[in-house]
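Have a look at the structure that comes next, please.
Derivation of every value follows stated rules applied to the coordinates shown; laboratory data play no part. Note that the structure is predicted; figures quoted are calculated from it, not measured. Positions of Cβ are backbone-derived with ideal geometry, glycine not excepted, and every protein chain shown enters the neighbour counts.
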Amino acid sequence: MSEWIDVAAADDLPPGSRKVVSTEAGDIAVFNLDGELYAIEDVCTHDGGELASGELDGDQIICPRHGARFCVRNGKCLTPPAYEDIEAFPVRIENGIVQIDIDD
Ligand code: FES
């Protein structure tokens, strides 16, 4: 069953911005990439570091600790030293509020 939770007003998450929310499912990073919204687990599978403060390269987030890359769109692990994917969550805008579904 879906469990949509509020992240932010859509106006507060403009293209190029990101936000981390703490949820029952752990910290989740929400990105606005050129108007498209994506949400991924904010935990690197290499050594548990947070990802959201990392540099973005297109649709890839680069772990600030040791440089592993993950696809922001789907959580796929793309480069070592991480080898496991992270979870990606559905995102929607409902009545001007960005929401994520943490019960995917
Ligand atoms: S904790 Fe992310 S690459 Fe090491």
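Explain nothing, just the number: dipole magnitude of the chain about its Cα centre with +1 on each Lys and Arg Cβ and -1 on each Asp and Glu Cβ, in debye rounded to the nearest 20.
So the magnitude is around 360 debye.
Given an 8 Å cut-off on Cα distances and at least 6 residues of separation, report the relative contact order of the chain as a percent.
Relative contact order here is 30 percent.
Now a separate question. When the Cα centres of region 25-46 and region 56-103 are compared, how far apart do they sit, in Å?
Centre-to-centre distance over Cα atoms comes out at 4 Å.
Please name which of ILE102, GLN60, LEU37 has its Cα lying farthest along the dipole of the chain towards the positive end, using unit charges on Cβ (Lys, Arg +1; Asp, Glu -1) and the Cα centre as origin.
Farthest towards the positive end: GLN60.
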